[in-house]
Every structure is written in C-alpha cells, then in structure tokens.
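Some notes on the structure that comes next.
Just so it is clear, none of the values below were taken in a lab; they were calculated from the coordinates. Predicted model only: the values in this text are computed from it and were never measured. In this analysis, Cβ positions are derived from the backbone assuming ideal geometry, glycine residues included, and neighbour counts consider all displayed protein chains.
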Amino acid sequence: MSALTTRAYNPATDERWAEALLADTLGGRWQARRGEVLDALGLPGIVAVHQSERLGLVTYQVNGADCELFAIALARRHAGVGTLLLDALQACVAGCRRIWLVTTNDNLDALRFYQRRGFQLAALRPGAVADARRRLKPGIPAVGAYDIPLRDELELELLVTTR
Ligand SMILES: CC(C)(COP(=O)(O)OP(=O)(O)OC[C@H]1O[C@@H](n2cnc3c(N)ncnc32)[C@H](O)[C@@H]1OP(=O)(O)O)[C@@H](O)C(=O)NCCC(=O)NCCS
C-alpha cells in the first residue's frame with residue numbers, strides 16, 4: 001500500500017477513533033493480562049495512517065530495557081499495517097533490549113505474525129484467560145478466533161542483540 005506512514009498517538013485527536021477500534025477488534029480499551037487490567041489508551045502509542053485514514057494502532061510501555069507491546073489493533077488486516085507498526089515500535093524504543101507481549105491461545109494469526117518476525121515463545125500460563133474472565137473481565141468471550149476455546153496466555157519476546 002503506498003504512502004502508509006506512522007506517527008505518535010495523540011489522545012486529544014485520536015482517542016475516540018482508537019476507542020472504537022479497540023472495541024471492534026479487542027473487546028475494548030481495557031485489556032486483561034498477567035492478572036491485571038490496564039487501559040490500552042493510557043499508554044503511549046503509534047498510529048498507522050494511509051493518506052488521511054487511520055488504519056491501526058499499537059500501544060506500549062517501557063520499563064527499563066524492556067518494552068511491552070501492550071495492544072495492537074488494525075482497521076485493515078493483511079495489508080502490511082501490522083508489520084509497519086511493529087517496525088515503527090522497534091525504531092521508537094531502540095534503546096530497549098527486549099520487546100515482549102501477551103497473546104492468547106486462540107490467536108493463531110498473532111502467533112504466526114510475531115514468530116515470523118523473530119519473536120520466540122517465552123511463557124505459557126494455562127488457564128490465565130479463564131481466570132481473568134472469572135475475576136477481572138467477565139466480558140472476555142469463552143470462544144475466540146477459529147472457534148477455539150479462549151483459555152490460556154502465551155508470552156512472546158524479541159531479544160534485540162545488535163544495538
Ligand atoms: C496480528 C496482527 C497484528 C497482524 O497484523 P497484519 O497487519 O495483518 O499483518 P501484516 O499485514 O503486516 O502481515 C500479515 C500477513 O499479511 C500478508 N500481507 C502483508 N502485506 C500484504 C499486502 N500488501 N498484500 C497482501 N498480503 C499482505 C502477508 O501474508 C503477511 O504475512 P507474512 O509476511 O508473515 O507472510 C493482526 O492479525 C491483528 O490485528 N490481529 C487482531 C488483533 C490482535 O490479535 N492483536 C494482537 C494481540 S497480541
């Protein structure tokens with residue numbers, strides 16, 4: 001896709017759009033992982049833009065040398081937007097030695113996407129999503145992508161060795 005660019009997320013002008021995007025794609029701005037619920041839009045982010053249309057968002061948080069890719073949501077998939085946002089994130093947090101994220105057992109597209117881009121599996125928490133559904137976010141569906149029961153958290157990491 002031509003003229004696809006990125007810029008920093010600006011809550012003043014992007015929040016309404018981002019909230020709707022997260023509601024459509026990830027069940028809302030509040031995301032549960034590792035036993036806690038966080039606001040994806042309370043974090044810094046990067047927006048993908050094609051001409052004047054916003055096509056995707058990644059939000060993240062940096063803690064020392066670690067960067068958590070907290071949420072990524074796209075208005076259009078399989079068009080290179082995810083790759084662009086991941087590249088932009090890596091450039092933005094160039095001082096970090098590790099980028100990590102949590103996904104879920106049903107998210108085969110994400111598991112494929114990240115492993116194709118150098119991420120490795122780092123942790124498995126069996127039953128963590130089911131537990132979050134019980135304790136933290138009852139709206140988490142019981143069945144996820146590809147009709148797979150939504151139960152477990154998987155952690156992936158990209159170790160950056162050449163900086
Ligand atoms: C995981 C996710 C972020 C990937 O984003 P994406 O924009 O679809 O990814 P890309 O388009 O960059 O690449 C995915 C595939 O699309 C295809 N693709 C990319 N650009 C393309 C283009 N211009 N034309 C045709 N196909 C294209 C490629 O097959 C590519 O896979 P490969 O390069 O590994 O072979 C996306 O699936 C997603 O948003 N999922 C839902 C939300 C989610 O799961 N978030 C992550 C939770 S951790």
**Message:** Debye calculation, C-alpha points only, no solvent: report log10 I(q)/I(0) for the chain at q = 0.13, 0.17 Å⁻¹, in the same order as the q values.
**Reply:** -0.61, -1.07
**Asked** Using helices alone, what [θ] at 222 nm do you get for the chain, with -39,500 (n - 2.57) per DSSP H run of 4 or more residues, divided over all residues and rounded to the nearest 500?
**Response** -8500 deg cm²/dmol
**Prompt:** Taking K and R as +1 and D and E as -1, what net charge do the other residues with C-beta under 10 Å from the C-beta of Leu121 add up to?
**Reply:** -2
**Asked** ³J(HN,Hα) across the range 113-124 via Karplus (A = 6.51, B = -1.76, C = 1.60, θ = phi - 60°), whole Hz, x for Gly/Pro?
**Response** 4, 6, 5, 5, 10, x, 6, 10, 5, 10, 7, 10
**Theoretical gain in end-to-end length, Arg97 to Leu159 [0.36 nm per residue, Cα-Cα removed]** = 21.7 nm
**Asked** For the range 50-64, in order, what is each residue's ³J(HN,Hα) by Karplus, 6.51 cos²θ - 1.76 cosθ + 1.60 with θ = phi - 60°, in whole Hz (x at glycine and Pro)?
**Response** 10, 6, 9, 8, 7, 10, x, 8, 10, 10, 7, 9, 9, 9, x
**Complete:** Taking a label point 7 Å from the Cα of Gln61 along Cα-to-Cβ, the residues of the range 3-35 whose backbone nitrogen sits under 12 Å from it are 31-35
**Request:** First measure r as the distance between the Cβ atoms of Gln120 and Val49, then evaluate 1/(1 + (r/R0)^6) with R0 = 30 Å and state the FRET efficiency to the nearest 0.05.
**Result:** 0.45
**Request:** Go through the range 81-86 residue by residue and turn each phi into a ³J(HN,Hα) via Karplus (6.51, -1.76, 1.60, θ = phi - 60°); whole Hz please, and just put x for glycine and proline.
**Result:** 6, x, 4, 4, 5, 5
**Asked** Given Cα pairs under 8 Å that are at least 6 residues apart, what percent is the relative contact order of the range 1-158?
**Response** 21
**Request:** Using label points projected 7 Å from each Cα along Cα→Cβ, tell me how many nm separate Leu136 and Asp24, to one decimal.
**Result:** 2.6
**Item:** Summed residue charge, Cβ within 12 Å of His78's Cβ, Lys/Arg positive, Asp/Glu negative
**Value:** +2
**Packing-based exposure ordering (other Cβ within 10 Å, fewest first) of Ile72, Ile99** = Ile99, Ile72
